[in-house]
1. Would you mind checking which residues have amide H under 5 Å from B:Val178's amide H? H placed 1.01 Å from N; only 5 or more apart, or other chain.
2. Give me the percent relative contact order of the range B:164-233, please, defined on Cα pairs under 8 angstrom at least 6 residues apart.
3. Roughly what % antiparallel, to the nearest 5, for the DSSP beta bridges in chain B?
4. Across the range B:108-118, in residue order, what do the Karplus-derived ³J(HN,Hα) couplings come to in whole Hz, using 6.51 cos²θ - 1.76 cosθ + 1.60 with θ = phi - 60° and x for Gly and Pro?
5. Taking each pair of different alpha-carbon atoms in the range B:145-223 once, compute 1/r for the pair, average those values, and report the inverse of that mean as the Kirkwood hydrodynamic radius in Å to one decimal.
6. Calculate the dipole size of the range B:151-226 relative to its Cα centre from +1 charges on Lys and Arg beta carbons and -1 charges on Asp and Glu beta carbons; express the result in debye to the nearest 20.
7. Which of the chymotrypsin sites (Phe, Trp or Tyr not before Pro) found in the range B:168-237 are loop residues per DSSP with 13 or fewer other Cβ atoms within 10 Å of their Cβ?
8. So what's the projected area for the range B:1-97, the Cα convex hull averaged over all directions, in nm²?
Amino acid sequence: MTPFLLAHFHAATEGKSLAVNVRIILRNAELAGRIAVAAA
Amino acid sequence: MIVTDLHIRVGPHVAEALRTGQPVVALESTIVAHGLPRPDNLRVAREIEQAVRATGAVPATIGMIEGTLTVGLDDAGLTRLATADGVAKLSVRDLAVAAAAGADGATTVAATSAVAVAAGIKVFATGGLGGVHREAFDESNDLITLARTPITVVCAGVKSILDVGATLERLETLGVTVVGYGTRRFPGFYITDAGFDLDWSVDTPEQVAAVLAARREQGVHVGGLVVANPLPLDEQLDPSCTTVRSPTASPGCAARGSRARR
């Protein structure tokens with residue numbers, strides 16, 4: 001994802017996309033952690 | 001003459017975890033350096049690491065500091081990539097030349113995957129994968145790197161402004177395994193369902209671990225495993241919002257269904 005497009009999304013959705021972006025990565029970090037624990 | 005450690009530097013916590021077989025999760029630094037605006041980016045980078053720690057795993061954010069490729073950046077390193085100007089965006093092909101130049105750099109999904117595997121890390125969390133663009137020919141290096149890199153990458157699919165169908169076809173051609181997490185529909189990053197079916201789904205981390213164990217025992221498949229983890233429906237951005245689908249074309253809403261679905 002280019003910084004240009006991300007900036008566009010953030011502006012076009014009045015910052016909602018930023019919050020959702022953060023939410024996505026936090027959810028994925030949590031799931032990856034649980035997978036790593038299960039696979040260890 | 002720039003004096004640089006040309007080896008991959010592994011942070012002490014990560015090195016200890018890898019030595020003793022504790023779970024480790026690789027994290028990319030592009031989201032920190034280029035993906036999020038300041039000053040949120042540094043706070044979020046720390047929150048991402050904390051989200052990994054809360055599960056009992058050790059986070060290993062990967063990036064380059066003054067030419068030293070580092071697995072498990074410390075807080076000073078994270079801060080530097082979040083706040084310095086001129087941080088390079090590093091794909092796999094850039095790693096060596098950036099090291100020789102003594103650059104600061106943030107690693108893409110492709111580079112983070114490749115470096116993680118080189119360091120012995122098997123699981124990686126990111127936001128979304130790169131993919132195939134809709135118009136001028138442009139395909140992210142993420143796809144072919146995943147074809148030859150045995151990483152498990154947890155992501156929310158690819159952004160639906162990309163050509164999701166073509167991206168999934170390329171992943172098939174390249175032999176990258178794709179499973180939905182709790183779904184048989186491929187997510188479109190901001191949206192829960194980008195409009196394409198998946199052949200396989202898993203419902204628990206233990207099922208993913210079973211896939212990894214089978215792969216290891218079989219010793220046949222060498223590519224990556226994409227675990228596509230969609231946002232819950234009530235958290236997605238409004239799919240009818242054209243700006244989510246295309247930054248340039250206002251008829252994006254009307255176009256939905258013609259190109260995004262088969």
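1. Correct list: B:Val226.
2. On the way: 96 pairs, mean separation 29.3, N = 70.
Contact order relative to length: 42 percent.
3. Numbers: 10 of 36 bridges.
For chain B, the DSSP antiparallel bridge percentage is about 30.
4. Result, ordered by residue: 6, 4, 4, 5, 4, 4, 5, 5, 4, 5, 4 Hz.
5. Numbers: mean 1/r = 0.0757 Å⁻¹.
Here the Kirkwood hydrodynamic radius works out to 13.2 Å.
6. 160
7. Numbers: sites: B:Tyr181, B:Phe189, B:Tyr190, B:Phe196, B:Trp200; in loops: B:Phe189, B:Tyr190, B:Phe196, B:Trp200.
Sparse-neighbourhood loop chymotrypsin sites (Phe, Trp or Tyr not before Pro): B:Trp200.
8. Details: hull surface 26.2 nm².
Convex hull of Cα atoms, orientation-averaged projection: 6.6 nm².
Values in this text are rule-based calculations from the coordinates and carry no lab data. This structure is a prediction, so every number in the text was calculated from the model and none was measured. Because the Cβ atoms are built from the backbone with ideal geometry, glycine has one as well, and the counts that use them run over all protein chains shown.
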